[in-house]
Amino acid sequence: MTRTAVVTGASSGIGAATARQLAEQGWDVVIGARRVDRLQALADEIGARALPLDVTDQASVDAFCAELERCDLLVNNAGGALGAASIAESDDAEWQAMFDSNVLGTLRMTRALLPKLIASGDGIVVNIGSIAAREPYRGGGGYNAAKHAVAALTRVLRIELLGQPVRVTEIDPGLVQTEFATVRFGGDEEKAAKVYEGMTPMRGEDIAEAIVWVASRPSHVNIDTMLMLARDQTSAQVVHRS
Ligand code: NAP
């Protein structure tokens, strides 16, 4: 029996690396994101199935999930940050978009696939949080709030699923070099490059390895949370730069 893994936000970064490694490990991988051309190119390369997915749209989530016969692993990875404004200067639209993708996106996907995860007899949900889920920082307002909400949702889910055959994990990365910073700064590559200047960030592959490890523990072992930082980073804003 081949187990099915669903990875959201697999058109780049952590999600793409995760899809690749899960396919290498023999999982039947189904990937979703909005940029379908990129998704399809990856799917063709690794032998996965690509389906359009916007986690902020319930109809899109329903259509995506209706295509699945089973689901053994759900990686809620779609999301990211928008802007770095202070609370005083925050933009409502950015906050709403961050909540919609990171928090409600995770909720929509989990709620839709929970029956299949339970029916699998050994389901796993891995939510990608962030160091921002643990540590508030200057300019982090909306993203901190959204990822703290992801952490709360993850803990409640773990409590509510106690006694069911579904494990729940939150992985909280620090600095990972992906398209994250480019998206956060609205396509400003110069600003994005500054985030990683003079230090060695993690790569999407590093987080993917952790996800594969979590999903390959024996069924009775639940990795509840994992904080992953680059050696050059000790907290949200303490980074060694040479
Ligand atoms: P990324 O390269 O920008 O990838 C983000 C992915 O999310 C893309 O595939 C994007 O695809 C997808 N996505 C965004 N909104 C979506 C939506 N509404 N529906 C479906 N897919 C959506 O950044 P990344 O670093 O890999 O980010 C992955 C996750 O890691 C995010 O949750 C992020 O918050 C978290 N994280 C990142 C870092 C970091 O430093 N990079 C640190 C901590 C946590 P489309 O645009 O094609 O839809």
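Structure notes:
- Taking a straight line from the alpha carbon of Lys194, these aspartates and glutamates sit under 19 Å away, with near neighbours fewer than eight places off in the same chain left out: Glu179, Asp232.
- Counting only Cβ charges, +1 for Lys and Arg and -1 for Asp and Glu, the dipole size of the stretch 4-239 around its Cα centre is about 520 debye.
- The magnitude of the dipole of the stretch 168-242, with charges of +1 and -1 set on the Cβ of Lys/Arg and Asp/Glu and taken from the Cα centre, is near 140 debye.
- With neighbours defined as other Cβ atoms within 10 Å of a residue's Cβ, the residues Ser12, Ser242 order from fewest to most as Ser242, Ser12.
- Cβ-based charge dipole, the chain, positive-most Cα from Ile131, Ala230, Val166: Val166
- When both bridge partners sit in the stretch 4-239, DSSP labels roughly 5% of those beta bridges antiparallel.
- Projecting the Cα atoms of Ala151, Asn76, Val103 onto the dipole axis of the stretch 4-239, where Lys and Arg carry +1 and Asp and Glu carry -1 at the beta carbon, places Ala151 farthest toward the positive end.
- Ranked list, fewest to most other Cβ atoms within 10 Å of each Cβ, for Trp213, Trp95: Trp213, Trp95
- Under-5 Å amide H pairs with Ala50, H placed in peptide plane, nonlocal only: Ile31
- The equivalent ellipsoid of the stretch 23-98 has semi-axes of 30, 14, 12 Å, largest first, where each one is the square root of 5 times an eigenvalue of the Cα gyration tensor.
- Centroid-to-centroid separation of the stretch 147-204 and the stretch 65-102 [C-alpha atoms, Å]: 10 Å
- Take the Cβ atoms of Met199 and Ala93, set R0 to 41 Å, and the FRET efficiency comes out at 0.85.
- Placing unit charges on the Cβ atoms of the charged side chains and taking the dipole of the chain about its Cα centre, the candidate lying farthest along the positive direction among Ala215, Gln177, Ile14 is Ala215.
- Sorted from greatest to least, the principal axis extents spanned by the alpha carbons of the chain come out as 49, 38, 35 Å.
- Principal axis dimensions, largest first and in whole angstrom, of the stretch 145-219 by Cα: 49, 27, 17
- Computed over all pairs of different Cα atoms, the Kirkwood value for the hydrodynamic radius of the stretch 112-178 is 13.0 Å.
- Proxy reagent accessibility, fewest Cβ within 10 Å first, across Cys65, Cys71: Cys65, Cys71
- The mean sequence separation of alpha-carbon pairs under 8 Å and at least six residues apart, normalised by the residue count of the chain, gives a relative contact order of 20 percent.
Only the coordinates and a few stated rules stand behind these numbers; no lab work does. The shown structure was predicted, so the numbers you read here are calculated from the model rather than taken from an experiment. Ideal geometry is used to build each Cβ from the backbone, glycine not excepted, and the neighbour counts take in all protein chains shown.
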